[in-house]
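J.: This is the structure I have questions about; it appears just below.
The values are calculated or read from the model by the stated rules, or taken from the named source; none is laboratory data. None of the values given here were measured: they were computed from a predicted structure. Cβ: placed from backbone, ideal geometry, glycine included. Neighbour counts: every protein chain shown. These area figures cover heavy atoms from the full protein model, side chains too; ligands, DNA and RNA do not enter into them. Shrake-Rupley method; radii C 1.70, N 1.55, O 1.52, S 1.80 Å.
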Amino acid sequence: MALVVQKFGGSSVATAAKLRAAARRAVRQFRAGNQVVVVVSAMGDRTEDLIAMARELHPEPNAREMDMLMAVGEQMSVALMAIAIHSLGCGAISLTGAQAGIRTDSISSKAEIKSIETARLRREMEKGQIVIVAGFQGVDAEENITTLGRGGSDTTAVALAAVLKADRCDIFTDVDGVYTADPRVVPNARRRDRIDYDEMLELASLGARVMHSRAVEIAKRFEVPLWVRSSEDESEGTLVTNVEDVEQVEVRGAALETNEAKVTIRDVPDRPGVAARIFGEIARSHINVDMIVQNVSAEGTTDLSFTVLQSDVPAARRTSRGLADALGAGKVEVDEGVAKVSVVGVGMRTHTGVAEKMFKALAESEINIQMISTSEIKISVVVDADSGERALRAVHDAFALQEG
Ligand code: ADP
Ligand code: ASP
Ligand code: MG
């Protein structure tokens with residue numbers, strides 16, 4: 001008997017018919033003699049709708065209450081999924097994150113899973129039930145409901161697969177696997193049969209929302225056998241794994257991130273310790289900074305730009321304004337009209353000229369680069385939001401990713 005974790009994303013449970021189709025998949029696994037844990041996201045755009053409702057009432061809703069609110073979406077889905085499974089003549093029970101034993105830290109809207117107490121899950125499975133767990137949520141030490149960050153149901157599924165030592169974890173979604181770039185933006189993107197954990201991790205953290213990056217981190221650490229596949233058909237999808245025979249191709253994927261904003265603090269005093277103070281303060285406000293660029297100017301001051309998630313803009317603006325006042329710096333400007341385009345490949349470690357090729361492709365498309373950052377296996381640039389999709393297609397073409 002195998003233990004299988006199946007996760008269904010928002011679009012895969014958006015309607016009663018889709019919920020029933022997902023329920024059938026779970027029942028099929030169960031009737032084949034397996035133990036089945038199902039993780040479900042909120043239906044369709046439910047999470048967006050809940051956020052919009054809160055914003056109608058308050059421009060900066062309280063973070064704890066937002067977690068309480070957003071968790072509702074998944075709670076609805078799990079109960080409906082259990083009901084759908086019952087209608088197929090199978091036993092099933094739905095659990096919230098807390099009921100499933102998922103404990104997190106207390107950082108609202110981006111909580112991290114600290115531990116999972118599996119006793120209840122195992123007990124329910126031993127009773128012969130399919131166990132359905134609400135994705136994206138947990139509970140902190142004070143019993144506050146927390147959420148794991150947008151797209152976090154993937155992380156719930158992979159974390160459960162890790163602690164339960166599942167034989168496989170299937171992420172069912174609205175694409176039939178992981179492509180060389182988002183197939184909705186790059187029509188000639190190519191589906192990958194396998195992808196290395198490290199490449200998947202980079203792609204996920206650089207905006208390829210097909211997998212939540214925390215989920216990939218956990219999958220890598222615990223070597224969870226992970227598939228990304230379509231809820232619409234029977235194809236095998238993409239296996240995320242340790243790819244041993246990685247051919248040394250320089251670039252194997254490209255990603256577009258449209259959820260970031262650029263914050264600039266003007267006329268920052270150019271002296272030792274200032275950057276440490278600024279980014280220390282920002283980190284204490286739980287704002288994740290992505291890229292940083294500092295320009296040195298002649299008059300002893302400099303402009304400092306960095307990118308943050310758009311959802312962190314109000315907090316970043318407030319913190320930066322306070323810092324600018326304290327340091328005697330100038331204006332704080334926020335530009336939400338930016339996009340980040342990245343290329344990823346473990347083969348980049350041993351190749352040179354990748355950056356040059358990427359910059360040349362962008363230049364030929366007359367796309368201006370605002371910021372650059374590189375690591376061992378990726379290069380990212382920030383461009384104007386309007387050029388983002390065009391930039392993604394240009395770099396995908398430049399590295400001929402469609403050809404494999
Ligand atoms: P779910 O609701 O199932 O979690 P998401 O919308 O979060 O689904 O993720 C699936 C989407 O990810 C796809 O519809 C696709 O547009 C997008 N995507 C971005 N990059 C990629 C990629 N490299 N491969 C496949 N899909 C991608
Ligand atoms: N419902 C949550 C979101 O929309 C979590 C998820 O879908 O994975 O972000
Ligand atoms: Mg998702």
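J.: Assuming residue 231 fulfils every condition listed in (1) within 12 Å of ligand 1 (Cβ to nearest atom); (2) closer than 29 Å to residue 391 by Cβ apart from one, which condition is it?
T.: The single condition residue 231 does not satisfy is (2).
J.: (1) out of contact with any Phe, Trp or Tyr (no Cβ under 7 Å at 6 or more places or on another chain); (2) near ligand 1 (Cβ under 10 Å from one of its atoms); (3) charged (D, E, K, R): which one isn't true of residue 191, the others all being true?
T.: Every condition holds for residue 191 apart from (1).
J.: Could I ask something else about it? Hey, residue 123 hits all of (1) within 19 Å of the chain's Cα centre (by Cα); (2) away from ligand 1 (no atom under 16 Å from the Cβ); (3) surrounded by fewer than 18 Cβ atoms within 10 Å (Cβ to Cβ) but one; which does it fall short on?
T.: Single failed check for residue 123: (1).
J.: With respect to residue 189, is the statement that it is assigned to a loop (DSSP other than H, G, I, E, B), closer than 18 Å to residue 401 by Cα, away from ligand 2 (no atom under 16 Å from the Cβ) and touching a Leu at 6+ places or on another chain (Cβ under 9 Å) true?
T.: For residue 189, the condition - assigned to a loop (DSSP other than H, G, I, E, B), closer than 18 Å to residue 401 by Cα, away from ligand 2 (no atom under 16 Å from the Cβ) and touching a Leu at 6+ places or on another chain (Cβ under 9 Å) - is met.
J.: Return the only residue of 2, 22 being touching a Gly at 6+ places or on another chain (Cβ under 9 Å) and either away from ligand 1 (no atom under 15 Å from the Cβ) or open to solvent by less than 10 Å² (accessible area, probe 1.4 Å) (or both).
T.: Only one candidate qualifies: 2.
J.: Only one of these is surrounded by 14 or more Cβ atoms within 10 Å (Cβ to Cβ) and within 16 Å of ligand 1 (Cβ to nearest atom): 108, 77. Name it.
T.: Step by step, each of 108, 77 is checked, and only 77 is surrounded by 14 or more Cβ atoms within 10 Å (Cβ to Cβ) and within 16 Å of ligand 1 (Cβ to nearest atom).
J.: For the stretch 128-157, name all the residues that are within 12 Å of ligand 3 (Cβ to nearest atom) and aliphatic (A, V, I, L, M).
T.: Of everything in the stretch 128-157, those that are within 12 Å of ligand 3 (Cβ to nearest atom) and aliphatic (A, V, I, L, M) turn out to be 148, 157.
J.: Looking at the structure I just gave you, is residue 132 touching a residue at least 12 places away in the same chain (Cβ under 8 Å), touching a helix residue (DSSP H, G or I) at 6+ places or on another chain (Cβ under 6 Å), open to solvent by 10 Å² or more (accessible area, probe 1.4 Å) and within 16 Å of ligand 2 (Cβ to nearest atom)?
T.: For residue 132, the condition - touching a residue at least 12 places away in the same chain (Cβ under 8 Å), touching a helix residue (DSSP H, G or I) at 6+ places or on another chain (Cβ under 6 Å), open to solvent by 10 Å² or more (accessible area, probe 1.4 Å) and within 16 Å of ligand 2 (Cβ to nearest atom) - is not met.
J.: I need every pair where a residue in the stretch 207-220 that is touching a residue at least 24 places away in the same chain (Cβ under 8 Å) and in a loop (DSSP other than H, G, I, E, B) has its Cβ under 9 Å from the Cβ of a residue that is open to solvent by 60 Å² or more (accessible area, probe 1.4 Å) and within 12 Å of ligand 3 (Cβ to nearest atom), sequence separation at least 6 or different chains.
T.: Between residues of the stretch 207-220 that are touching a residue at least 24 places away in the same chain (Cβ under 8 Å) and in a loop (DSSP other than H, G, I, E, B) and residues that are open to solvent by 60 Å² or more (accessible area, probe 1.4 Å) and within 12 Å of ligand 3 (Cβ to nearest atom), the close pairs are 209/150; 212/150.
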